[in-house]
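What follows is a single structure, written as structure tokens, with notes after it.
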Amino acid sequence: MSISHPEPKVKGPMGFLASLGMTKILFWFARRFIAGQTLEEALIVLRKLKAKGFATTIDHLGENVTNALEAKAATDDYIEIINAIKKNSLDNNISVKLTQIGLDINRDLCLENLKRITEAAREINGFVRVDIEGSKYASTTFEMVREIRALGLPVGVAIQAMLRRTPSDMVTLLESGITMRLCKGAYKEPVDIAYQKKDEVDRQYVALVKRLLTSGSFHGIATHDEKIIAETKAFVKERQIKRDKFEFQMLLGIRPALQEQLVANGWKLRVYVPYGRAWLPYVIRRLRERKENVWFVVKNLFRK
Ligand code: FDA
């Protein structure tokens, strides 16, 4: 796998480290979390996961593009991914970020790009999950997903348990018949907008899981938190909810043994498979999530 050196557009201490020429070390760390830099590499990973009984969703890394040409190129890339998935008979589920297809530039342009991607997904009987980014994008993201869904196109959205607004967003999204991926939230947010403590986020997460699982529609429970997974399983058992009415979801490279165990025990699990050259912001988020990860990188920096 050759190393490309994306421009670090990441703020804060990790961005500073990245700008100090740490890209090589970060990429070495990143390899655990990404399927590679090219579509071919990603297809190999998708194939392996499929053979092991995992469902997958593929994400072409990239976010916050600043001009219409880049947004179009990212959209074209997704169409290429959809065609490749079809050709290779792989899981027809893709994940996309709206800032990658123009949300920072122009709402209509972004909506048009999302429409193109979801129309292409419909052609292969596929599904597009819109990732959720920083809270300033939340309202527009949900509005756009609702607009695309109203056209009958196959789209759903991720939501973040850490945000105080999420219970109310969930009600509106359920009313619009939109399927959700519930995650904790990976972006740094101020205290008036988001819970900061793990136990607060976890409490809201579990409450939201229960609402999703009793909603009568299919949703994704995206976490690697064993305690929450155990509570979800207990709730499913208590309410006699069938296992095919929801799925667990996890990120490539995080808790792989737990992923295998869930599948071996007959639970549906979807693995989020990111790939691409713009891997830095994604990997920085994975680093920030766990201080052990930061230590791992720092230790290896001094081992050189
Ligand atoms: P938590 O952070 O409490 O971790 C539980 C355990 O998981 C840890 O103890 C550790 O064992 C393991 N773990 C978690 N993160 C790790 C890491 N980085 N490295 C090593 N081990 C780790 N976020 C978002 O804002 N928008 C989105 O669209 C998405 N999409 C998404 C899709 C899928 C399929 C998943 C699983 C997650 C997301 N996320 C996301 C990320 C999510 O918001 C959250 O940041 C991470 O999943 C980590 O939270 P956990 O639920 O795993 O809990």
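The values are calculated or read from the model by the stated rules, or taken from the named source; none is laboratory data. Here the structure is a predicted model, which is why all the values come from computation and not from measurement. Positions of Cβ are backbone-derived with ideal geometry, glycine not excepted, and every protein chain shown enters the neighbour counts. Accessible surface areas use protein heavy atoms only, side chains included; no ligands, DNA or RNA. Shrake-Rupley method; radii C 1.70, N 1.55, O 1.52, S 1.80 Å.
On the stretch given as the stretch 33-80, residues that are open to solvent by 50 Å² or more (accessible area, probe 1.4 Å), within 25 Å of T141 (Cβ to Cβ) and among the β-branched types (V, I, T) total 1.
Within the stretch 118-149, being of a type in the set (A, V, I, L, M, F, W, C) and within 16 Å of the ligand (Cβ to nearest atom) holds for F127, V128, V130, I132, A138, F142, M144, V145.
Only one of the numbered conditions (1) without any contact (Cβ under 8 Å) to a residue 40 or more places away in the chain; (2) in contact with a Ser or Thr (Cβ under 6 Å, 6 or more places away or on another chain) is violated by I159, and that is (1). In the stretch 114-121, is there at least one residue being within 25 Å of F54 (Cβ to Cβ) and surrounded by fewer than 17 Cβ atoms within 10 Å (Cβ to Cβ)? Within the stretch 114-121 (the criterion being within 25 Å of F54 (Cβ to Cβ) and surrounded by fewer than 17 Cβ atoms within 10 Å (Cβ to Cβ)), the answer is no, since none of the residues qualifies. Once the stretch 158-173 is narrowed to residues that are more than 18 Å from the chain's Cα centre (by Cα) and farther than 13 Å from E143 by Cα, the residue that is farthest from the ligand (Cβ to nearest atom) is V171. Scanning the stretch 131-177 for residues that are farther than 22 Å from G102 by Cβ, open to solvent by 20 Å² or more (accessible area, probe 1.4 Å), in a helix (DSSP H, G or I) and of a type outside the set (D, E) yields P167, S168, V171, T172, L174. Which one of these is at pLDDT below 95, surrounded by 20 or more Cβ atoms within 10 Å (Cβ to Cβ) and more than 16 Å from the ligand (Cβ to nearest atom): A30, A18? Matching residue, one of A30, A18: A18.
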